[in-house]
2 protein chains.
Amino acid sequence: MINKYVKNASDLVSTHEATRNGFLEYALRKSKESVPYLDKAKAFKLILEQKTKQPKDILKLDEVLSSCYEAAGVSVKANKYLTDSDLKDILLEFIKEFLEPSGEQYIEELIYRYLLTSGDALGGRMRNLVGSIANEKLTRNIISQLQVLNISFEYYDKFSKTWLASKNYTIDQVPDIRAIKWILKSGGKRQLIYNLTVPIVKKNIDLVILNCHSEEITGKAFKEMISNPSNYELLGELKGGVDPAGADEHWKTANTALSRVRDNFKKHDIDIPLVFIGAAIEISMSKEIFSQYTTGQITNCANLTVENQLVNLCYWLVTQR
Amino acid sequence: MINKYVKNASDLVSTHEATRNGFLEYALRKSKESVPYLDKAKAFKLILEQKTKQPKDILKLDEVLSSCYEAAGVSVKANKYLTDSDLKDILLEFIKEFLEPSGEQYIEELIYRYLLTSGDALGGRMRNLVGSIANEKLTRNIISQLQVLNISFEYYDKFSKTWLASKNYTIDQVPDIRAIKWILKSGGKRQLIYNLTVPIVKKNIDLVILNCHSEEITGKAFKEMISNPSNYELLGELKGGVDPAGADEHWKTANTALSRVRDNFKKHDIDIPLVFIGAAIEISMSKEIFSQYTTGQITNCANLTVENQLVNLCYWLVTQR
DNA sequence: TAGACTCGAGTAG
DNA sequence: ACTACTCGAGTCT
């Protein structure tokens, strides 16, 4: 019972207010993220107006053919699995079924359908963004702890692929931080890495803390380091989504992910400490999480939207042992 | 090793061809499902043209206010968590940030943004549809088995909420079938129900087979019947999605769901038979599934896109014991 | 009716 | 290249 703000299962449950805040922030952000999608649609429309006089003219527009596929309902993901011949057939069917019946309005029909597909794409992008924002929230809290405890640290910038000293840190760099390393008062080394593929489980783990440092976080030497289970201090799952309807769904996923880590480290006779941090926690799953916490299957847990729990967990992450 | 077409983990893996077929069917269906979303957008546009002269006029349009919220990026789901005041603020911000800067084009901007949100909604609808279609595929295969084996059955129509005799069955009723009941040659009763909330686990299970019949599948008597763990013959998870990228994600979910069933029946000293049926099975997860199959943690499994495996599993579902 | 189901739109290691 | 991560858009019980 390490986290003193998690005394009961119900402490973990997200409040309605937290959920509301999440959806509110989401809506505002989505409006902003829409802009490039709209710009693309408008540019696409202009090309269609200039270069086509009738639906079947789009078949000749090589430059915007992939946009036409999107209009026909093919996502970028689906596109990969279809052959050129499949795509051509879809497009022919699309022209015949939906564009030609629209008569003069075929460009409007095409653009409207393009926007439908774009909306789904935007939704996908937003989901990734929510995940990144959760990472960033955790990063800010961890760095705050390091600063408060006056522990100097280095952070790894994912673009320059270099470690920077804590004195260079500013809050606008948070999105680019892939890893953080520091040294405990006791002399122990710590290195936190996000979204690392852990060879022991052959899966990506949201949050990994190693008990050793490395200059690179790619390459052969690093690969060797992370292949040794005794170099791991802790692993964790972080779920930043706020939707209550997704809460149990994603906890089930996290639960299997954590089980895989536990089982695979156990093969090396290691009881690896695990944590779960989630923003959407409902009553029923809170009981399962708390039960795992009580029995030690997970070592710590927190609701990402409960300040005290998060701060306490970060303090512990930074200082443990 | 009940399913004679599942001899190795690799037998479970989905082929590229199956994935392609899935995405192809998906794209064609999506084009058709788009129509009502486009119609709504066009109707919305007409109202805006008739009743507004400038962006802030939309605030007075009570009839289409919820459509305006959607245009501002608020999904129906998000809407539920926001207060009227939140929504009003979002709309004001939306007008100021995105509609007013568009000048004369504010209606186009509004409709384009409405379509983006609609596209995400359509995506959600499509995901549900894929799930239903998988259910229907299973239903058709089960009924075919019953017919081939000359076992008379009754099927429960979810709208009329009544049981109909097998002689009334036609293939176009498949989408409305919630349950099927039949009697084994040995005299044993069987009743299959989809998406049943099982009191023993307090969760919905995709596929449930009981060893007893009931007149209703709601109400007190039925509730009592399904509260008795010894009335269960088998439970299963069915995953109809074809996307390889979602395969492991959804298997992790299914795995926790199956574990919950197993653990909760175990509390009543029952080793309940479990099955997993999935359309998107990748190599790594196929090994986990096959391993569970070998050790008896699951009793049967099949790839929904592999005809032999599915038929064999349905034969077994229909005739077991 | 609150709760938990459907699955793929993106992304990145 | 390949695998598996992000999470909420719907739906139904």
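If you count, for each residue, the other Cβ atoms within 10 Å and average over each peptide, how do A:127-139, A:217-229, B:306-318 line up from highest to lowest?
Peptide ranking by packing, descending: B:306-318, A:127-139, A:217-229.
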Length-normalised contact order of the range A:34-124 in % [C-alpha pairs under 8 Å, at least 6 apart]: 42 percent
Solvent-accessible area lost in complex, 30 Å² minimum, residues of the range A:1-34 relative to chain alone, 1.4 Å: A:His16, A:Arg20, A:Phe23, A:Leu24, A:Ala27, A:Leu28, A:Lys30, A:Ser31, A:Lys32
Hydrodynamic radius by Kirkwood, which averages 1/r over all alpha carbon pairs of chain A, in angstrom: 22.5 Å
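Averaging sequence separations of C-alpha pairs under 8 Å and six or more residues apart, then dividing by the length of chain B, give the relative contact order as a whole percent. Please report the intermediate quantities before stating the final value.
Details: 427 pairs, mean separation 67.4, N = 321.
Computed value for chain B: 21 percent relative contact order.
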For the axis carrying chain A to chain B: nearest C-beta residue of A, whole Å: A:Gly119, 1
Expected 222 nm ellipticity per residue - DSSP helices of 4 or more, -39500 (n - 2.57), all of chain B, to 500: -16500 deg cm²/dmol
Per-selection Rg to Rh, the range A:196-321 - Cα, Kirkwood hydrodynamic radius: 0.97
Euclidean distance of C-alpha centroids, the range A:205-244 and the range B:43-59, integer Å: 53 Å
Rg over Rh [alpha-carbon atoms, Kirkwood Rh] for the range B:8-62: 1.44
Against the rule of thumb 2.2 N^0.38 Å, how large the Cα Rg of the range A:244-286 comes out: 1.33
Entries of A:Lys203/A:Lys239; A:Lys239/A:Lys287; B:Lys158/B:Lys203; A:Lys202/A:Lys267; A:Lys77/B:Lys42 with Cα pairs more than 23 Å apart: A:Lys77/B:Lys42
Cα-Cα separations in the range A:153-208 greater than 12 Å, expressed as whole percent: 68 percent
Within 10 Å of each Cβ in A:107-115, the average number of Cβ atoms from other chains: 5
Per-q log10 I(q)/I(0), the range B:119-199, q = 0.15 Å⁻¹ (Debye; single scatterer per alpha-carbon; no solvent): -0.59
Most mobile of B:Phe153, B:Phe23, B:Phe98 in a GNM of chain B (Cα contacts under 10 Å): B:Phe98
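Can you give the net charge of the other residues whose Cβ lies under 11 Å from the Cβ of B:Lys42, counting K and R as +1 and D and E as -1?
Computed value for this residue: -2.
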nm² value of the averaged projected area, convex hull over the Cα atoms of the range B:34-124: 5.4 nm²
Square roots of 5 times each gyration tensor eigenvalue, C-alpha, the range A:281-321, largest first, Å: 19, 14, 5
Solution diffusion estimate, µm²/s, Stokes-Einstein, the protein assembly as shown, Kirkwood Rh from C-alpha pairs, 25 °C, viscosity 0.890 mPa s: 89 µm²/s
Rg over Rh [alpha-carbon atoms, Kirkwood Rh] for the range A:55-100: 0.93
Cα-only Debye scattering, the range B:251-313: base-10 log of I(q)/I(0) at q = 0.13, 0.16, 0.20 Å⁻¹: -0.35, -0.52, -0.78
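The values are calculated or read from the model by the stated rules, or taken from the named source; none is laboratory data. Here the structure is a predicted model, which is why all the values come from computation and not from measurement. Heads up, the Cβs are rebuilt from the backbone with ideal geometry, glycines too, and the neighbour counts pull from every protein chain shown. All accessible areas refer to the heavy atoms of the entire protein, side chains included, with ligands and DNA or RNA removed. Shrake-Rupley method; radii C 1.70, N 1.55, O 1.52, S 1.80 Å.
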